[in-house]
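Engineer: The structure under discussion is supplied below as structure tokens; questions concerning it will follow.
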Amino acid sequence: NALMGVVYMEIAMDREAVKYLERAVELLPYDYQSRNNLVIVYGRLDEPEKALKEFAIAIQLRPDDDTIKINLSVFYQRQKEYKKAEEVLKYIQSIRNAGGGKRQCSAPRPFAYPNDPCDSSQEFEVKS
């Protein structure tokens, strides 16, 4: 299911991709990659609520995966929310530039999730 969803994504048949990717996460709810792909497809289909919901789950499953965060930035760009897209990219850059082997953040966090290297004390949320 996940593979067929990716194939349909690649040829821009997003409605078909959604069917397969939704089925993939139904069968494997911890499949963060399929959820990340749903973020992309829902964004292209102009279904922002669904995209943000899948982002929230994907980032909970894989909080250190920068690809998920980058896809959130792309989603915000497609939604013409350029400030939010820039905030996500600055956040990624700030954790990558941290010195001494510890992840430190100099940019404000545009989202929160468990075990956030910047602040794990907050409840999980996606800022919309």
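Engineer: Anything in the stretch 35-66 that is within 19 Å of R23 (Cβ to Cβ) and small (G, A, S)? List them, or say none.
Structural biologist: Residues satisfying the conditions are A51, A58.
Engineer: Also, I was wondering about something else. Would you check if A2 is closer than 19 Å to I92 by Cα, among the small types (G, A, S), at pLDDT below 90 and surrounded by 16 or more Cβ atoms within 10 Å (Cβ to Cβ)?
Structural biologist: Against the criterion (closer than 19 Å to I92 by Cα, among the small types (G, A, S), at pLDDT below 90 and surrounded by 16 or more Cβ atoms within 10 Å (Cβ to Cβ)), A2 does not qualify.
Engineer: Within the stretch 23-43, can you find the residues that are surrounded by fewer than 17 Cβ atoms within 10 Å (Cβ to Cβ) and assigned to a helix (DSSP H, G or I)?
Structural biologist: Of everything in the stretch 23-43, those that are surrounded by fewer than 17 Cβ atoms within 10 Å (Cβ to Cβ) and assigned to a helix (DSSP H, G or I) turn out to be R23, E26, L27.
Engineer: Scan Y8, Y20 and give me the residue that is assigned to a helix (DSSP H, G or I), hydroxyl-bearing (S, T, Y) and closer than 20 Å to F75 by Cα.
Structural biologist: Y8
Engineer: Shifting gears a bit: Please determine whether any residue of the stretch 50-73 is on the phi > 0 side of the Ramachandran plot, more than 9 Å from the chain's Cα centre (by Cα) and either outside any helix (DSSP H, G or I) or surrounded by 15 or more Cβ atoms within 10 Å (Cβ to Cβ) (or both).
Structural biologist: no
Engineer: Continuing with the same structure: Do we find that I95 is open to solvent by less than 70 Å² (accessible area, probe 1.4 Å), modelled with pLDDT under 80 and in a helix (DSSP H, G or I) in this structure?
Structural biologist: yes
The values are calculated or read from the model by the stated rules, or taken from the named source; none is laboratory data. Small disclaimer: the values here were computed from a predicted structure and weren't measured. Every residue, glycine as well, gets a Cβ built from its backbone with ideal geometry; the counts of neighbours run over all protein chains shown. Please note that ligands, DNA and RNA were not included when accessible areas were found on the heavy atoms of the full protein model with its side chains. Shrake-Rupley method; radii C 1.70, N 1.55, O 1.52, S 1.80 Å.
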